[in-house]
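Data first, discussion second: the structure below is written as structure tokens.
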Amino acid sequence: VCSPGFSAGQEEGEAALTEAELEQRVDIFLSETDTLWMLDLPTAVVSTEAEEAVRVLERNKIYAEICNAKIDSEYFEEKMVQTISGAAKTKEVQCETITVAEKGMMVTSWDLANSLNASETEAPETEEPGAPAGKSSRSPPGEEHSQAVAAPPAKHSSIIIAESAVPARSHEEKECPSEAILTSANLQQDLVVMERILMENIFQPKLAVYRQVPVLIEPVVTSDTEEAEEEEDEEEKVEEKQEEALADASPSPAEGAGATLEQLWCYRCDLTRGHGVSSMAWNKVNPDLLAVGYGEFASQDQKKGLACCWSLKNPMWPERVFRCEHGVTAVDFSLASPNLLAVGMANGCVAIYDVRSRGAAALLDSSASLNKHTGPVWQLRWVEQDRGAGAGDKKERLMCISGDGRVTRWFLQQRLDCSDVMEIKRTESGKKKLPGEREGTSEAPISQRAAGLCFDFHPEDPDIFLAGTEEGHIHCCSCSGKEQLLGTYRGHKGPVYKVAWNPSSTEMFLSCSADWSILLWRRDSHSPLLTFTSVTAFVHDIKWAPKSAFIFAAVNERRVEIWDLTVSIFNPVLCCAASPEGNLRCLLFARNAECLLLGDSCGQVGVWQLHNLAVPGAEQVWPRWGPGLIP
């Protein structure tokens, strides 16, 4: 309360009151202020007349029942515990520096046009029920009407055709378009084509040497503002580089230089690592397609087998992969149906695969056949058998030789079944009887059959074939009569691993064995003409050169050897040691190139270029070799 005449601008300490002001009556009014609660303890008692009294009584009853249940229960025990709040800790970690990369993409005009057309086709999907066709609920009706009137009829009709031509998208594609794109067949095919293009760019110099075509050199890109003289100089440099690359990739034979081998590339991948190469075969129609069988037979823990189809267009990964439960021992392509691949396995089964299919399942399998082999199928071959005078009577049959001593012919019907062509019997030992030894004192063999390890059919008469056995004998057999032996060639002291007819001189054939030797035979002579021995190692495979009747190749565990009978019969003209990683197992000549393929025990198939290997002329003939004669 302020008395009249008091100045608000005067300070409190300097105010002076007169006697009249002191005598005046001053009224002072006292009012109650707000209550400030310093401590509030809520009550634990509820009145029986309160609204929540029924709910509180119910909770108290439940709590009492729980307490009574704990008294006689063995699962509850009263114990004092103290909860300790853990102290907060500070933990620091160190991570790599977060790198930021800028990525861009190129968008062409047609990409923009396709995106625009796609957005236009999706617009009618948001129309309101009852709205006319072509009018969207997202724009004012007046604008739609004006656009419809202003658009010419021809343009309007073309828009209708474009919208009707675009197929409606399914609900699944809208939900996960990326998943549909990644699993589409068109994308998979495009990736295969792109992969082949990249592989051909990487291996182009090597593939050019293999195919005997010029090596391509990437030209130097020059700007349009450079002078004409500089462009001419660059063109001359490019031509010189091309000539140098051609000279390096395809070296011309030097005077007096011997035959050499140069590795071009190697068929291998992580899938085949550790699987030994057991057999190889070219496709009869496509010379770029190679079938390779993988299997391990020496170790006790045998791995599962693989049959892979490799292509020259991608030496780093096979085109087809067929997984087998047992090791693969032999593979061969059909001539009548080049898409069929026959695979023989270590457990005696034979399977037929269709290489056109991307599935891994076999087309036919002999596992359900009652006549299936009980020993490993060491070799199989598609052979065209003569069954009549006409050309239409010729049929292709699948022939197999197995460790159970049987040579079988397989038929491709609703199931794979076979019939025996012959059984290879064991021959009597050539040992002379000791004085006083009786006829029945010799021990009888456990089995009357001799295990067959290899065979080869005559190039001109497919009814005649050679069969090599584990006894070291070579039988000349005929398919026309069961168990009909035309002759037996005895010369090896160990199992015969391979026999090969000469494709040019059909009366000559080769054989290799575990006795470290290679024998040259003439069909009409039961004694070997020549014996080739260079190292003390098992000779696993032999092959005649396709363009010469006097050159053949052989592989043993240590190296590969090229023999030229017109140069020397004592030493090979070329020897190349095996890689230290594994031993060589099989070989194969390329069909349309001067190359040699070598398979080893590590799962690698190396492609080697042959240089400076002289090819004998057509006028050269076989000399009259004989026992004890040297040409």
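The values are calculated or read from the model by the stated rules, or taken from the named source; none is laboratory data. Fair warning: this is a prediction, and the values are worked out from it, not measured in the lab. Every residue, glycine among them, receives a Cβ derived from its backbone with ideal geometry; neighbour counts consider all protein chains shown. Just the protein is used for accessible areas: all its heavy atoms, side chains included, with ligands, DNA and RNA removed. Shrake-Rupley method; radii C 1.70, N 1.55, O 1.52, S 1.80 Å.
Residues that are surrounded by 10 or more Cβ atoms within 10 Å (Cβ to Cβ) and at pLDDT below 80 do not occur anywhere in the range 85-104. Checked against the criterion of being open to solvent by 90 Å² or more (accessible area, probe 1.4 Å), at pLDDT below 55 and farther than 23 Å from W310 by Cβ, the candidates E255, E218, E232 yield just one match: E255.
State which residue is modelled with the highest pLDDT when the search covers only the range 290-318 and only residues that are open to solvent by 50 Å² or more (accessible area, probe 1.4 Å) and among the charged types (D, E, K, R). Can you show your working first?
Within the range 290-318, the subset open to solvent by 50 Å² or more (accessible area, probe 1.4 Å) is 297-298, 300-304, 313, 316-317.
Narrowing the set further to residues that are among the charged types (D, E, K, R) leaves 301, 303-304, 313.
On the way: D301: 61, K303: 78, K304: 86, K313: 89.
Among residues in the range 290-318 that are open to solvent by 50 Å² or more (accessible area, probe 1.4 Å) and among the charged types (D, E, K, R), the one modelled with the highest pLDDT is K313.
Within the range 384-403, the set of residues being buried (at least 18 other Cβ atoms within 10 Å of the Cβ) and either modelled with pLDDT under 90 or touching a helix residue (DSSP H, G or I) at 6+ places or on another chain (Cβ under 9 Å) (or both) comprises R397 only. Please verify whether the range 371-383 includes one or more residues that are at pLDDT below 95, touching a helix residue (DSSP H, G or I) at 6+ places or on another chain (Cβ under 8 Å) and over 15 Å from W410 (Cβ atoms). Scanning the range 371-383 turns up no residue that is at pLDDT below 95, touching a helix residue (DSSP H, G or I) at 6+ places or on another chain (Cβ under 8 Å) and over 15 Å from W410 (Cβ atoms). Whether a residue is open to solvent by 10 Å² or more (accessible area, probe 1.4 Å) and over 19 Å from the mean Cα position of the chain (by Cα) was assessed, and A330 does not pass this test.
Please enumerate the residues belonging to the range 527-542 that are in a loop (DSSP other than H, G, I, E, B) and either open to solvent by 30 Å² or more (accessible area, probe 1.4 Å) or among the aromatic types (F, W, Y) (or both). Working first, answer last.
So the first thing to find is which residues in the range 527-542 are in a loop (DSSP other than H, G, I, E, B), and the list is 527-529, 533-538.
Residues satisfying the conditions are S527, P528, T533, S534, T536, F538.
Inside the range 543-615, counting only strands (runs of 3 or more DSSP E) that do not spill past its ends, which hold 3 or more residues that are at pLDDT 90 or above, over 25 Å from the mean Cα position of the chain (by Cα) and surrounded by 20 or more Cβ atoms within 10 Å (Cβ to Cβ)? Let's see the steps before the verdict.
Working: elements: 551-556, 559-564, 574-577, 584-589, 595-600, 605-611.
By residue number, 551-556, 559-564.
Yes or no: A500 within 41 Å of the chain's Cα centre (by Cα) and either assigned to a loop (DSSP other than H, G, I, E, B) or free of Cβ contacts under 8 Å to residues at least 24 places away in the same chain (or both)? Walk me through how you get there before you give the answer.
Working: within 41 Å of the chain's Cα centre (by Cα): yes; either assigned to a loop (DSSP other than H, G, I, E, B) or free of Cβ contacts under 8 Å to residues at least 24 places away in the same chain (or both): no.
Spelling it out, it is not the case that A500 is within 41 Å of the chain's Cα centre (by Cα) and either assigned to a loop (DSSP other than H, G, I, E, B) or free of Cβ contacts under 8 Å to residues at least 24 places away in the same chain (or both).
In the set (1) open to solvent by less than 70 Å² (accessible area, probe 1.4 Å); (2) within 30 Å of V193 (Cα to Cα); (3) touching an Asp or Glu at 6+ places or on another chain (Cβ under 6 Å); (4) among the small types (G, A, S), the condition left unmet by A336 is number (1).
Every residue in the range 36-67 that is open to solvent by less than 100 Å² (accessible area, probe 1.4 Å) and polar (S, T, N, Q), please. Correct list: S47, N60. Output yes when any residue across the range 516-526 is under 22 Å from D564 (Cβ atoms) and part of a loop (DSSP other than H, G, I, E, B), and no when none is. Within the range 516-526 (the criterion being under 22 Å from D564 (Cβ atoms) and part of a loop (DSSP other than H, G, I, E, B)), the answer is yes, since at least one residue qualifies.
Inside the range 105-129, can you point out the residues that are of a type in the set (D, E, K, R) and modelled with pLDDT under 80?
First, pick out the residues of the range 105-129 that are of a type in the set (D, E, K, R): 111, 120, 122, 125, 127-128.
Within the range 105-129, E120, E122, E125, E127, E128 qualify.
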